[in-house]
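Structure first, then comments.
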Amino acid sequence: MTFGQEHAASYGAGGAIDFAGGTVVHISSGVSALVCALLLGRRLGFGKEEMRPHNMTYTAIGAAMLWVGWFGFNAGSALSAGRLATCAFAATHFAAAAGGITWAAWEWRFRGKPSVLGACSGLVAGLACITQAAGYVTLMPALLIGIIGASVCYFMCSAVKSYFGYDDSLDVFGVHGVAGTLGAILTGIFATRATGAFADGKPLGLLEGGSILKGQLLALVIAWGLAIVGTL
C-alpha cells in the first residue's frame, strides 16, 4: 500500500489528515507548555529584570539548522523520494521563508526595525504551520499559510502574551501551539488532490469542495483536550 492509498483509507473513514505530525507534535507541545506556564507561574524577576535573548549568533545558527532539519520530517513523511516528497519539500521551504519575512515586516511596522530574533521566530512559525499541510498543498497556498501563521503568532507573542501576562519564555505556545492549531484549520481549507497524496482523487479542502475541515476541527479539539488533561 502506498502512502497516498494508506492516507486515502483513513480519509475515507472520516478521519483528519496530518502529513507530518503537526497536530500531535505542535499542538500538544504548545498547549502543554501553556498549561505548565500557568501552573508554575512567572520566573523570579519577570517583568522587572532584563531577560531579553542575548546571543543572536546561536539563535540564527539554531534556526538555520532547524530549517534544514524540517525538510527531513516533512518531505521524509512521503516515505519515498518522488513527486510527493518534492511537493512537501517545496511547500515547507516556501512557508518558512514567507513566515520569516512576514514576522520581520510586522516588527518593522510596529517597532521601527526588524530583528534577527523576529525573522527566526517567523520562520519557525511558518514551519510549524505548514507541517500538517506539507504534502497536501501547492506552493501558493504554502506561501499564504506561512504568512498567516507568522502574522497570528506575532500578535500572540506580543500583544496577547503581554495582555494576559503569562511567562512563556520561549513562546512555545505562541509559536508552536498557535501555528499548529492554525495549520490544522488551514489544511482543511487549502488541501488539494493535485499533489497526488490521495489515490482516490476525491476533493479535500474547502476551496475545492471537500469536507475534511470538519475532521480537522475535531482533531484539534481532541489534541487540545488531551494535552490539557494529560499535562494537568
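I'm told residue 113 meets every condition in (1) modelled with pLDDT of 95 or more; (2) crowded, with 24+ Cβ neighbours inside 10 Å; (3) not in a helix (DSSP H, G or I) except one. Can you identify the failing condition by its number?
All conditions are met except number (2).
May I ask you to verify whether residue 156 is open to solvent by less than 60 Å² (accessible area, probe 1.4 Å) and assigned to a helix (DSSP H, G or I)?
When the stated conditions are applied, residue 156 passes them.
I'd like to check something: does the stretch 186-200 contain any residue that is aromatic (Phe, Trp, Tyr), within 20 Å of residue 20 (Cα to Cα) and out of contact with any Phe, Trp or Tyr (no Cβ under 8 Å at 6 or more places or on another chain)? Lay out the reasoning, then the answer.
First pass over the stretch 186-200, keeping only residues aromatic (Phe, Trp, Tyr): 190, 198.
Checking which are within 20 Å of residue 20 (Cα to Cα) leaves us with 190, 198.
Filter once more, keeping what is out of contact with any Phe, Trp or Tyr (no Cβ under 8 Å at 6 or more places or on another chain): none.
Within the stretch 186-200, not a single residue is aromatic (Phe, Trp, Tyr), within 20 Å of residue 20 (Cα to Cα) and out of contact with any Phe, Trp or Tyr (no Cβ under 8 Å at 6 or more places or on another chain).
Going through the stretch 198-227 one residue at a time, which ones are small (Gly, Ala, Ser), over 17 Å from the mean Cα position of the chain (by Cα) and surrounded by 15 or more Cβ atoms within 10 Å (Cβ to Cβ)?
The answer is 199, 205, 210, 215.
Do we have residue 181 as at pLDDT 95 or above, polar (S, T, N, Q) and surrounded by 20 or more Cβ atoms within 10 Å (Cβ to Cβ) here?
Taking the combined requirement at face value, the residue satisfies it.
Can you tell me which of (1) open to solvent by less than 20 Å² (accessible area, probe 1.4 Å); (2) at pLDDT 95 or above; (3) farther than 27 Å from residue 60 by Cα; (4) not hydrophobic (A, V, I, L, M, F, W, C) is the one residue 230 doesn't meet?
(1)
Taking the condition open to solvent by 50 Å² or more (accessible area, probe 1.4 Å) and either at pLDDT below 95 or within 25 Å of residue 196 (Cα to Cα) (or both), does residue 94 pass?
Judged against the criteria, residue 94 is a match.
Take the residues of the stretch 45-83 that are open to solvent by less than 40 Å² (accessible area, probe 1.4 Å) and not in a helix (DSSP H, G or I): which is farthest from residue 22 (Cα to Cα)?
45
Could you look through the stretch 113-129, keep only residues that are touching a residue at least 60 places away in the same chain (Cβ under 8 Å) and more than 11 Å from residue 150 (Cα to Cα), and pick out the one that is farthest from the chain's Cα centre (by Cα)?
Only one residue fits best here, namely 116.
For the stretch 187-228: of the residues being in a helix (DSSP H, G or I) and aromatic (Phe, Trp, Tyr), which is nearest to residue 30 (Cα to Cα)?
Filtering first and then ranking leaves 224.
The values are calculated or read from the model by the stated rules, or taken from the named source; none is laboratory data. Treat the numbers as computed from the prediction; the structure is a model and nothing was measured. All Cβ positions, even for glycine, are placed from backbone atoms using ideal geometry, and neighbour counts span all protein chains on display. Note: accessible area is taken over every heavy atom of the protein model, side chains too, but ligands, DNA and RNA are not part of it. Shrake-Rupley method; radii C 1.70, N 1.55, O 1.52, S 1.80 Å.
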